[in-house]
Amino acid sequence: MFNISKTLSSPLKILCAAVVLSSTSGLMTAAAAAESAKATVNGMVCAFCAQGIEKRLSSLPATKAVFVDLRKKIVAVEAREGQSLDLAAIRHEITEAGYDVVKLETVAMSVEDLKAQTATKKPVRK
């Protein structure tokens with residue numbers, strides 16, 4: 001069996017370890033980036049609205065998680081690993097529930113990341 005520890009000098013071992021770590025960190029970052037759909041929706045005014053949208057979107061086969069922010073009029077849907085979201089189906093479910101989709105886009109963020117992002121951006125009061 002080949003033993004790299006005995007073959008390479010200490011600085012070369014460090015260089016090899018750095019190369020291996022840097023090449024695998026890109027893979028971890030790509031795997032960690034979740035695909036989500038982010039919609040701006042008009043007409044949502046109460047928790048019942050949010051619950052209805054969450055229930056409809058959670059029933060879609062590719063859905064992993066759903067987040068609704070009534071104050072910012074945002075609906076986010078995260079895809080299950082290895083699956084992609086059907087934006088037309090998401091738009092259809094929201095409009096069938098009685099709401100207007102103003103904007104719908106795909107973002108490389110998880111629902112948890114989107115929750116954190118909306119929580120940190122507080123409106124300025126005058």
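Between residue 55 and residue 100, the modelled labels are 2.5 nm apart [label points 7 Å from Cα along Cα→Cβ]. Taking amide hydrogens as placed 1.01 Å from N in the peptide plane, the amide H of residue 110 sits under 5 Å from those of 34, each at least 5 positions away in sequence or on another chain. Note that the range 98-114 has calculated 3J(HN,Hα) couplings of x, 10, 9, 8, 7, 8, 9, 9, 9, 10, 8, 9, 7, 4, 4, 5, 5 Hz, one per residue in order, obtained from phi through the Karplus relation 6.51 cos²θ - 1.76 cosθ + 1.60 (θ = phi - 60°); glycine and proline are x.
Taking every eigenvalue of the Cα gyration tensor of the range 54-104, multiplying by 5 and rooting it, what semi-axes result, largest first, whole Å?
On the way: eigenvalues 62, 29, 19 Å².
So the equivalent ellipsoid measures 18, 12, 10 Å along its semi-axes.
All of the numbers you see were taken from the coordinates with simple rules; none came from a lab. What you see is a predicted model, and the numbers here were worked out from it, not measured in a lab. Virtual Cβ from ideal backbone geometry, glycine too; neighbours counted across all protein chains shown.
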